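Notes for the one structure printed next.
The values are calculated or read from the model by the stated rules, or taken from the named source; none is laboratory data. Since this is a predicted model, take the numbers as computed values, not measurements. Positions of Cβ are backbone-derived with ideal geometry, glycine not excepted, and every protein chain shown enters the neighbour counts. Only protein heavy atoms, including side chains, enter the accessible area calculation; ligands, DNA and RNA are left aside. Shrake-Rupley method; radii C 1.70, N 1.55, O 1.52, S 1.80 Å.
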Amino acid sequence: MGNEAADLDSMVSSIAFGYLLSLQDAARVVLPVMPIYRADFVLRPEAVYLFEKAGIELDDIVFFDEVDFDILMEEGAGLVLVDHNKLGPEFAHYSSSVVGVVDHHKDEGLYGDAEPRIIQTTGSTTSLVAMEFEKKGVAFSEALAVLLGGTVLLDTVNLSRKVGRVTDLDVTVANILLPLCPLSRDELFANIQQAKFDIRGFSTVDLLRKDYKEFHFTTVRCGIASVVLPVSRWKQMDGDLFSAFVNFAADRKLDVLLSMNAFRDPGFGRDLVVYCSTEKAYDALLSYLHRISLKLSPCEDVGKRVNTKGVIGCFHQGNLDISRKKLQPLLAQLYSQNVSPGS
Ligand SMILES: [Mn+2]
């Protein structure tokens, strides 16, 4: 199972690593689970594209709403985590079932007995999964090469050293996989990238839940969405962002809702939308974000706005290095340590 945002490397890693596990022991039943509702799959057009390219039938994939986790865990099933190494709040009570981890996020130090327990910084989790195929001497089919190779390209922005997410391992893996793909590296990357940014017809709530993670810190429930367009364009699509944020946060009982907007047109940039349910929390968070050098400047037409339902502010983020992966542990420090229920 990948992480709750169910981004491309989460979904591809669980399918590919699940396949590898099934090859190692034919008697074992392995079920890659996409940790989102089936209906939400269309919110990930890059996955729609790549799965089709690799010939994966959606009917063959299992989604969160189609599996009874309670029954599986009661029956003694083990959970293998890919693309995260700490269960999200919704799954935290299954901690004792975790038997394996393959991930590229900061090591949270959990599940010490997991086997394998592979946690290493790479651009994409799929690079770590591909290396396991290599170690076991399992050949890559064209479908696997497309899935894994395409995801490495997306996560490393076509292996760009300038963007800075690529590691030597990602390059090694790409050199093995890409020659097996029917498209050239640049074509494959361009197609996936184009699909990812094709958000025609998406509402603000769709955009917020498309790539969303929730963190329950000791005293604060915080949601962080990753959104693929600049705030200025978002405001053109939706004249009332504030209401959408208020409702989204209320539905999930959030104290804090952040939208980290990363976009490539015009040029790579980041914006940040900050919503807090109280002005006190907002001011405290903003002063912390300034202290950790996010280099925020208010978007021209939207300063801080306050109403009875909370406070919202829109910013350009001058520090392009700070992604959600990096911000989450920093927020954990602000809100003391993060303690999810049950973990
Ligand atoms: Mn990832």
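Less than 5 angstrom separates the built amide H of LEU81 from those of VAL99, GLY100, VAL101, VAL102, all sequence-distant by 5 or more or on a different chain.
Exceedance of the 26 Å cut-off in Cα-Cα distance is limited, within the set LYS213/LYS235; LYS53/LYS326; LYS304/LYS326; LYS253/LYS304; LYS53/LYS196; LYS210/LYS235, to LYS53/LYS326. For the chain, the solvent-accessible area with a 1.4 angstrom probe is 45 square angstrom per residue.
Whole-Hz Karplus values for the range 268-275 come out as 6, x, 9, 10, 9, 10, 10, 10 Hz, taken residue by residue from phi with 6.51 cos²θ - 1.76 cosθ + 1.60 and θ = phi - 60°; glycine and proline positions read x. Cysteines of the chain lacking any other cysteine Cβ under 4.7 Å from their own Cβ: CYS181, CYS222, CYS276.
Accessible surface of the range 84-202, 1.4 Å probe: 50 percent of it comes from carbon and sulfur atoms. Take 75-82, 220-227, 184-191 and order them by the average number of nearby Cβ atoms within 10 Å per residue, most first; the result is 220-227, 75-82, 184-191. Between amide H atoms placed 1.01 Å from N, distances below 5 Å from ASN261 occur with VAL227, ASP271, LEU272, VAL273, all of them 5 or more places distant or on a separate chain. Just the protein heavy atoms count here, and of the accessible area of the range 204-334 at 1.4 Å, carbon and sulfur take up 50 percent.
As a length-normalised measure over Cα pairs under 8 Å and 6 or more apart, the relative contact order of the chain settles at 14 percent.
If we count every other residue with Cβ under 12 angstrom of MET1's Cβ, Lys/Arg +1 and Asp/Glu -1, where does the sum land? Please report the intermediate quantities before stating the final value.
On the way: positive: none; negative: GLU4, ASP83, GLU90, ASP103.
Local net charge: -4.
Other residues whose C-beta falls under 15 angstrom from the C-beta of PRO179 contribute a net charge of -3, scoring Lys and Arg +1 and Asp and Glu -1.
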